[in-house]
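Participant: If you scroll down you'll find the structure; I have some questions about it.
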Amino acid sequence: MENRKRYIRQMLGQKVHIEIDRPIGYLHGNIRYPINYGFIPGTIAGDGEAQDVYVLGVNQPLSSFDGEIVGGVLRMNDCEDKLVAAPEGMIFHQGQIAEAVNFQEQFFDTRYLSLFYKSCGVLPYRTTGEEKEYLIVYEQFSQCWSLPKGHMEAGETEAATALRELFEETGLTAVLDTNISATIEYPVPPSSRKQVVLFPGLISGTPKPRAGEIEDFRWIKENELSDYLFPDTVAACKKLIAGLSNDTNDKTE
């Protein structure tokens, strides 16, 4: 499995030529292909045949395609992993890839690797007296303090992802202000990038840790953010907090 992951990661960003053998509209059994599907000539994949590739970003049937590998589909109980290509410079995050290839991958237990990952999360806050307090979570895997967040899944909006991840990690719901957002972007070695979109969310109740993922919670004030969070996350939080302050001022004028 690790070798298969490594292969997909090595292919991310590579320029490839693909021969299309199942163009848009092709009927295979009961499946009519909504996207182009083909193979990279001269390659050998885990099933002993040429490496199969889904092609995104082209809305007409093709006979061949030259583009860039933007992702991969790792089948957990099957060796027929797939690559995902798109026109050079076109970006698809893991949720968009999952949605595009669901017509076939819905029958398998799959994981998605991508040249570009997108996560969404919440800066959860509550008001105590005249001050706001902000909820941070301690992640078991990274052993760091962070905000509730996670990868977008097929068909989700940014707000839906943020609320789902908040509930999964803390057991809490929130009223999001989707008019206020902040974005963080950073490299994910060896060749990917990740974008995190954050919204402020007013919550109530007591958080409950998610076993195996979240170890602890802490309520902190704005002047404590830099004591716990990475600088880019602190900057994003301050942008959200400033947005909340401006929104409150606008409503009271």
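Participant: Below 8 Å between Cα atoms, with a sequence gap of 6+, how large is the relative contact order for the stretch 1-129 in percent?
Facilitator: With pairs under 8 Å counted, the relative contact order is 23 percent.
Participant: Treating only the Cβ of Lys, Arg, Asp and Glu as charged (+1, +1, -1, -1), what charge dipole size does the stretch 144-198 show about its Cα centre? Round to the nearest 20 debye.
Facilitator: 200 debye
Participant: Along the stretch 27-42, what does the Karplus equation 6.51 cos²θ - 1.76 cosθ + 1.60 (θ = phi - 60°) give for ³J(HN,Hα), rounded to whole Hz, x for Gly and Pro?
Facilitator: Each residue of the stretch 27-42 in turn: 9, 10, x, 9, 9, 9, 6, x, 9, 6, 9, x, 8, 8, x, x Hz.
Participant: What does the C-alpha gyration tensor say about the overall shape of the stretch 1-107? Classify as rounded when a/c is under 1.5, otherwise prolate if a/b is larger than b/c, or oblate.
Facilitator: rounded
Participant: Loop-only check: which chymotrypsin sites (Phe, Trp or Tyr not before Pro) in the stretch 19-114 are DSSP coil with at most 13 other Cβ within 10 angstrom?
Facilitator: PHE107
Participant: If you place +1 on the Cβ of every Lys and Arg, -1 on the Cβ of every Asp and Glu, and leave all else neutral, what size is the dipole of the stretch 174-245 about its Cα centre, to the nearest 20 Debye?
Facilitator: Using only the charged Cβ atoms, the result is roughly 140 debye.
Participant: Springs between alpha-carbon pairs under 10 angstrom, Gaussian network model over the chain: which of PRO23, PRO189, PRO148 fluctuates most?
Facilitator: PRO189
Participant: Hey, any idea what % of the stretch 38-149's accessible area is carbon plus sulfur with a 1.4 Å probe?
Facilitator: 47 percent
Participant: Then there is this: With label points built 7 Å along Cα→Cβ from the Cα atoms of LEU62 and ALA154, find their separation and express it in nm.
Facilitator: About 2.1 nm, to one decimal.
Participant: From the Cα gyration tensor of the stretch 129-253, with a ≥ b ≥ c the square roots of its eigenvalues, which class applies: rounded if a/c is under 1.5, or else prolate if a/b is larger than b/c, or else oblate?
Facilitator: The shape class here is rounded.
Participant: Counting Lys and Arg as +1 and Asp and Glu as -1, what is the net charge of the other residues whose Cβ lies under 15 Å from the Cβ of ILE214?
Facilitator: For residues surrounding ILE214, the net value is -2.
Participant: Of GLY46, CYS237, PRO189, which is farthest along the charge dipole of the chain in the positive direction, counting Lys and Arg as +1 and Asp and Glu as -1 at C-beta?
Facilitator: GLY46
Participant: A further question follows. Which value, in Å², gives the accessible area per residue of the chain when a 1.4 Å probe is used on the protein heavy atoms?
Facilitator: Ligands and nucleic acids excluded, the result is 51 Å² per residue.
Participant: So what is the 222 nm mean residue ellipticity for the chain from helices alone, if each DSSP H run of at least 4 adds -39500 (n - 2.57) and you divide by all residues, rounding to the nearest 500 deg cm²/dmol?
Facilitator: So the helix-based figure for the chain works out to -7000 deg cm²/dmol.
Participant: Now for a different question. Any idea of LYS149's accessible area? Nearest 10 Å², probe 1.4 Å.
Facilitator: Only protein atoms counted, so the area is about 50 Å².
Participant: Identify which of GLY171, GLY150, GLY71 has the largest mean-square fluctuation in a Gaussian network model of the chain, with springs joining Cα atoms closer than 10 Å.
Facilitator: Of GLY171, GLY150, GLY71, the most mobile in the Gaussian network model is GLY171.
Participant: Specify which residue in the list ASN179, GLN140, GLN10 is farthest towards the positive end of the charge dipole of the chain, using unit charges on the beta carbon of Lys, Arg (+1) and Asp, Glu (-1), about the Cα centre.
Facilitator: The residue sitting most towards the positive pole is GLN10.
Participant: With a cut-off of 8 Å between alpha carbons and a minimum separation of six or more residues, what is the relative contact order of the chain in percent?
Facilitator: Over the chain, the number comes to 15 percent.
The values are calculated or read from the model by the stated rules, or taken from the named source; none is laboratory data. No experiment lies behind these values; they were computed from the predicted model shown. Glycine also receives a Cβ, built like all others from the backbone with ideal geometry; neighbour counts cover every protein chain displayed. Each accessible area value is taken on the protein alone, full model and side chains, heavy atoms only, with ligands, DNA and RNA left out. Shrake-Rupley method; radii C 1.70, N 1.55, O 1.52, S 1.80 Å.
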